[in-house]
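Step one of this worksheet: look at the structure below.
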Amino acid sequence: MSYLKVSGTKVVDGGGKEVVLRGAGLGGWMNMENFISGYPGCEFQIRAALAEVVGPIKSEFFFDKVLEYFFQEEDAKFFRSLGLNCIRLPFNYRHFEDDLNPRVLKEGGFKHLDRVIDLCAQHGIYTILDLHAAAGGQNTDWHCDAGTHIANFWLHKDFQDRTIWLWKELAKHYADNKWIAGYNPLNEPTDSTHTAVIKFYDQVYDAIRSIDTEHVIFFDGNTFASDFSHFGDMHKKWQNTAYSIHDYSVYGFPASPEDYISSDEQRQRMKKSYERKREWMDQHGLCVWNGEWGPVYARKQYDGLATDAINERRYKVLKDQLAIYNQDRLSWSIWLYKDIGFQGMVYVSQETSYMALLKDFLAKKHRLAVDAWGADTTQVQHIYQPLIDHITKEIPQENQDLYPFPVWKLSHRVGRLSRSILVTEYLVKEWAEHFRGKSEDELDEIAKSFKFENCLRRDGLNKILMDNAAVVEF
């Protein structure tokens, strides 16, 4: 077996044969996320809160069991049965390093990462290692686990240096593993200068290549993997490198400006957005990987009789995106494999102990729209609209478009700071209190809710992915 390599616009094997990588991201695993796992806020907050309620030993036991059960043999078998051949593995730096003990490697961080990489290899599935949460927070959102809307990673050199140190440690550990398709050094950076990210990429590239000259490096574009406009000629230095876009369509979310009917105009808007993101790569003949994309789905407990109609529209979005990707023989990783029912290919059953325990809390969290991802603000917009109106009235128009505009418009910023940071902070302890008094056996049973056998399959999504797993010749 040989390492995968980048050759022009393609990924190829040792014999020069094209390998189109198609699969999903294992979000919610080694980088937990609120909408995926059901907690409020950020992972570091709920880990601390649970340790306070049940004690650090039981808390660590519970989270370790969730990691164990989240992806196992049956998951790998099912994933491969769909014809998919690659899993992106998002992870949090906190598994490998403590903020109060920086640059001291926590060997235990490799426990579950090694296990899943090896398990995937046994089933013929490549993996891509994705640093989803870096020290200090490399972007303005919840999923870099920083608890703030300020991307401090770009303001403090030490955060960047620690990340370079971590990638050198990871490269030492995985340099000889040929089932790893490559390294994704930084998920969705938001660098307001548009130049610091390029400088950092050059440094982390040199650091990885000083140890590992074989694996592909996948660089995300700036501003949530959407913008390569400042990358210039840097590609001439970076060898064996691919470039990652994240191609979410507004039509796949509750905030869609209109119902998606697959009109010519809607499909053209979708295609233009995709082409804009990959424009720099196409100009220079570079390899493109779509590291994240995909709609979210309605749930009967929240959307009632409208659920099926909403999801049929979302499947239309999915199919039309895939039609565009297939024209380009694009490698992609849909977001995501497993969750509690919003976006996953498989999702935890409502009958499990975890979902039963948190049923009322999850309904409250949904009503308050505290998760930024796919938020439906219908029941709370009247609370926040006066603040939006106040800012709109008092702040000159030319000062309203703060970075990361246009991805974040003014209303998004208000929502992030007020609902997803402020209100959420008051829900963290409430979530943890659900576990008070639980024994280790009970915690184990709750964690087992995430096992494949306790999950349902989103058949409509999986059928579409299976039909598009292989490249169709045009």
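Solvent exposure of the range 222-265 amounts to 44 Å² per residue of accessible area, where only protein heavy atoms count and the probe is 1.4 Å. Give me the orientation-averaged projected area of the Cα convex hull of the chain, in nm², one decimal. About 21.7 nm², averaged over all directions. For the range 87-109 versus the range 243-313, the inter-centroid distance based on Cα atoms is 32 Å.
How high is the relative contact order of the range 120-176? Use alpha-carbon pairs under 8 Å, at least six apart in sequence, and give a whole percent. Intermediate values should be presented prior to the final figure.
Details: 49 pairs, mean separation 13.1, N = 57.
Over the range 120-176, the number comes to 23 percent.
Packing, as the average of other Cβ atoms within 10 Å across residues, places the peptides 249-259, 214-224 in the order 214-224, 249-259, highest first. The mean sequence distance of close C-alpha pairs (under 8 Å, at least 6 residues apart), as a share of the length of the chain, puts its relative contact order at 21 percent.
Projecting the Cα atoms of Leu358, Gly437, Phe452 onto the charge dipole of the chain (Cβ charges, centred on the Cα centre) puts Phe452 farthest toward the positive pole.
Charges were assigned to the Cβ only: +1 to each Lys and Arg, -1 to each Asp and Glu. The resulting dipole of the chain about its Cα centre is roughly 520 debye.
Suppose every K and R has +1 on its Cβ and every D and E has -1 on its Cβ; what is the size of the dipole of the range 186-311 about the Cα centre, in Debye to the nearest 20?
Working: 13 positive and 20 negative charges, 16 e Å.
Around 80 debye, computed over the range 186-311.
For Ile198, the accessible surface of its heavy atoms amounts to roughly 20 Å² (probe 1.4 Å, protein chains only, rounded to the nearest 10).
Please compute the contact order of the range 337-474 in relative form: average sequence separation of alpha-carbon pairs under 8 Å and at least six residues apart, divided by the residue count, as a percent. Over the range 337-474, the number comes to 37 percent. Heavy-atom accessible area, probed at 1.4 angstrom with all protein chains present, ranks Thr392, Thr190, Thr377 as Thr392, Thr377, Thr190, highest first. Taking all protein chains as shown and a probe of 1.4 angstrom, Cys287 keeps an accessible surface of around 10 Å².
Listed values for the range 320-333 are Karplus-derived 3J(HN,Hα) couplings in whole Hz (6.51 cos²θ - 1.76 cosθ + 1.60, θ = phi - 60°), namely 5, 5, 5, 4, 5, 5, 5, 4, 9, 6, 6, 7, 8, 9, and x replaces Gly and Pro.
Ignoring ligands, DNA and RNA, what accessible area per residue does the range 351-429 give at 1.4 Å, in Å²?
Details: 4590 Å² over 79 residues.
Here the residues of the range 351-429 average 58 Å² of exposed surface.
Using a cut-off of 28 Å between Cα atoms, the listed pairs Lys365/Lys409; Lys77/Lys365; Lys172/Lys429; Lys359/Lys438; Lys111/Lys277; Lys271/Lys451 include Lys77/Lys365; Lys172/Lys429; Lys111/Lys277; Lys271/Lys451 as exceeding that distance.
Can you give me the % of accessible surface on the chain that is carbon or sulfur? Probe 1.4 Å, all protein chains present, nothing else counted.
51 percent
Compute and list, largest first, the equivalent-ellipsoid semi-axes of the range 42-159 from the alpha carbon gyration tensor, each √(5λ) rounded to a whole angstrom.
27, 19, 13
Write down, largest first, the equivalent ellipsoid semi-axes of the range 203-279 in whole Å, where each equals the square root of 5 times an eigenvalue of the alpha-carbon gyration tensor. Walk me through the intermediate numbers first.
On the way: eigenvalues 230, 30, 20 Å².
Here the semi-axes work out to 34, 12, 10 Å.
Listed peptides 98-108, 321-331 appear in the order 321-331, 98-108 once ranked by packing, highest mean of other Cβ atoms within 10 Å at the front.
The residues Thr213, Thr140, sorted by heavy-atom accessible surface at 1.4 Å with ligands and nucleic acids left out, run Thr213, Thr140 from largest to smallest.
The H on the amide N of Ile334, modeled in the peptide plane, is under 5 Å from the matching H of Gly23, Ala24, Gly25, each at least 5 residues off or on a different chain.
Semi-axes of the equivalent ellipsoid for the range 308-450, computed as √(5λ) from the eigenvalues of its C-alpha gyration tensor and ordered from largest down, come to 32, 27, 13 Å.
From the helices alone, meaning DSSP H stretches of at least four residues, give me the mean residue ellipticity at 222 nm for the chain, per-run term -39500 (n - 2.57), in deg cm²/dmol to the nearest 500. Value at 222 nm, helices only, nearest 500: -12000 deg cm²/dmol.
In order along the range 188-198, phi translates into HN-Hα couplings of 6, x, 10, 9, 5, 7, 6, 10, 4, 5, 5 Hz, rounded to whole numbers, per the Karplus curve 6.51 cos²θ - 1.76 cosθ + 1.60 with θ = phi - 60° and x for Gly and Pro. Karplus-derived 3J(HN,Hα) values for the range 66-77, using 6.51 cos²θ - 1.76 cosθ + 1.60 with θ = phi - 60°, are 4, 4, 5, 7, 4, 9, 9, 3, 5, 5, 4, 4 Hz; glycine and proline are entered as x.
The values are calculated or read from the model by the stated rules, or taken from the named source; none is laboratory data. All figures in this text were calculated on a predicted structure; none of them were measured in a lab. Positions of Cβ are generated from backbone atoms using ideal geometry, with glycine treated the same way; all protein chains shown enter the neighbour counts. The accessibility values were calculated without ligands, DNA or RNA, using every heavy atom of the protein model including side chains. Shrake-Rupley method; radii C 1.70, N 1.55, O 1.52, S 1.80 Å.
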